[in-house]
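Encoded as structure tokens, the structure appears first; notes follow it.
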């Protein structure tokens, strides 16, 4: 069995774009006719440029290869161009292709992917969700309203979720890290207070940031949140200086979580060596794929660190997260996004039930991709999957962060 053909579909979820402006799906076909699906979570170049990168990685390093040889293909890509170092874009391309290889292998053997990763240790996976506006909420004010957030949190808990994430800490800009505005700190505290009062001890609070603060700024904000005992403080500083995470971890009594913008074991190992994070959040469509993150999970286990796979993408990457999560003993929880488009794209084959996901028993990733739906919603914009704000933090007026895929970059 050899990898023969590649097809790439860039599909756009409808507004307001929970999960980003577009998702890059890859479809691999073997010379024996088996189809495997993957998803590339790569956002540093536009989707058409990424299409060319994915094609090059496949044709140069994977086409004609047995899909079993994932380690060999990874080393080819990791070493390409005389590099042998983490490359966010190239490894993002490989990650989606690697996920598709696992889907093929599972289908060829008639077994779910988790069975090929050492078997299933977790029969159900604890899930968490971002707080999104409820149908009666106006979207614009929702992101700065503690009361609306608390209402959304209570609704999520009533649906079975035991953890909710929110990120009211102000803008993430190309100028980061910055010192948070005092109003941003006050708003963050108000969100934690309102949500904690609404859900009590029925759910954990997951405080999200997006790498926007200096080390000192992250410490100031984190210490202000401590009275509300969040389960984690997510990516408080930019991921380009991993050694600084340890300084924040030592000064703030909230576990640090990070990893969505990191790739390969090389970067995650730095955090583990320095004690910079207690929770790792790999995005499997960017971080090197399922096998590379299985290695990271094993490394993390030795450091008593837990894994919470990240998701701000489509349901194919989510399916990959589910299979990795089912197979590792140090799982904390998995991120989920529930929209009709997410559900429709995989025809409801994996769903959240009472705040948990049950790993599928069907072969491969256990999903059925609605290819017609994906192709019927092409991405026609010019923006990136997610974009940084160019304006600096405003210390005189209120900062405003808009969730989803904000307007202005279509």
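The values are calculated or read from the model by the stated rules, or taken from the named source; none is laboratory data. Only a predicted model underlies this, so the values are computations on that prediction, with no experimental measurement involved. Quick reminder, even Gly has a Cβ in these numbers, built from the backbone with ideal geometry, and neighbours come from all protein chains shown.
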Checklist outcome for this item: Scanning segment 122-151 residue by residue, the ones that are within 13 Å of residue 191 (Cβ to Cβ), surrounded by 15 or more Cβ atoms within 10 Å (Cβ to Cβ) and either touching a helix residue (DSSP H, G or I) at 6+ places or on another chain (Cβ under 8 Å) or modelled with pLDDT under 95 (or both) total 9
Item to check | Residue in segment 23-47 that is modelled with the lowest pLDDT, counting only those that are in a loop (DSSP other than H, G, I, E, B) and under 14 Å from the mean Cα position of the chain (by Cα) | outcome: 43
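Given the options 220, 196, 202, name the one that is modelled with pLDDT of 95 or more and out of contact with any strand residue (DSSP E or B) (no Cβ under 9 Å at 6 or more places or on another chain). Walk me through how you get there before you give the answer.
Details: 220 fails: out of contact with any strand residue (DSSP E or B) (no Cβ under 9 Å at 6 or more places or on another chain); 196 fails: out of contact with any strand residue (DSSP E or B) (no Cβ under 9 Å at 6 or more places or on another chain).
Result: 202 is the single residue among 220, 196, 202 that is modelled with pLDDT of 95 or more and out of contact with any strand residue (DSSP E or B) (no Cβ under 9 Å at 6 or more places or on another chain).
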Checklist outcome for this item: Filtering segment 60-116 down to residues that are more than 23 Å from the chain's Cα centre (by Cα), touching a residue at least 60 places away in the same chain (Cβ under 8 Å), surrounded by 20 or more Cβ atoms within 10 Å (Cβ to Cβ) and not in a helix (DSSP H, G or I) yields 67
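Of the residues 215, 209, 173, only one is under 27 Å from residue 243 (Cα atoms) and buried (at least 22 other Cβ atoms within 10 Å of the Cβ); which? Working first, answer last.
Values: 215 fails: buried (at least 22 other Cβ atoms within 10 Å of the Cβ); 173 fails: buried (at least 22 other Cβ atoms within 10 Å of the Cβ).
Only one candidate passes the filter, namely 209.
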Next on the checklist: Checking residue 324 against (1) in contact (Cβ under 8 Å) with a residue 40 or more places away in the chain; (2) touching a strand residue (DSSP E or B) at 6+ places or on another chain (Cβ under 6 Å); (3) part of a helix (DSSP H, G or I): exactly one of these is not met. Which one?
Outcome noted: (2)
Next on the checklist: Six or more apart or on different chains, Cβ atoms under 7 Å: show the pairs whose first residue is in segment 374-401 and closer than 25 Å to residue 315 by Cα and whose second is surrounded by fewer than 13 Cβ atoms within 10 Å (Cβ to Cβ).
Outcome noted: 388/174
Checklist outcome for this item: Note on segment 19-42: residues out of contact with any helix residue (DSSP H, G or I) (no Cβ under 8 Å at 6 or more places or on another chain) and either buried (at least 19 other Cβ atoms within 10 Å of the Cβ) or within 16 Å of residue 339 (Cβ to Cβ) (or both) are 20, 21
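Can you list the strands (runs of 3 or more DSSP E) found entirely within segment 170-278 that contain at least 1 residues being in contact (Cβ under 8 Å) with a residue 24 or more places away in the chain and over 29 Å from residue 84 (Cα atoms)?
Values: elements: 204-208, 232-234, 256-258.
Counting at least 1 such residues, we get 204-208, 232-234.
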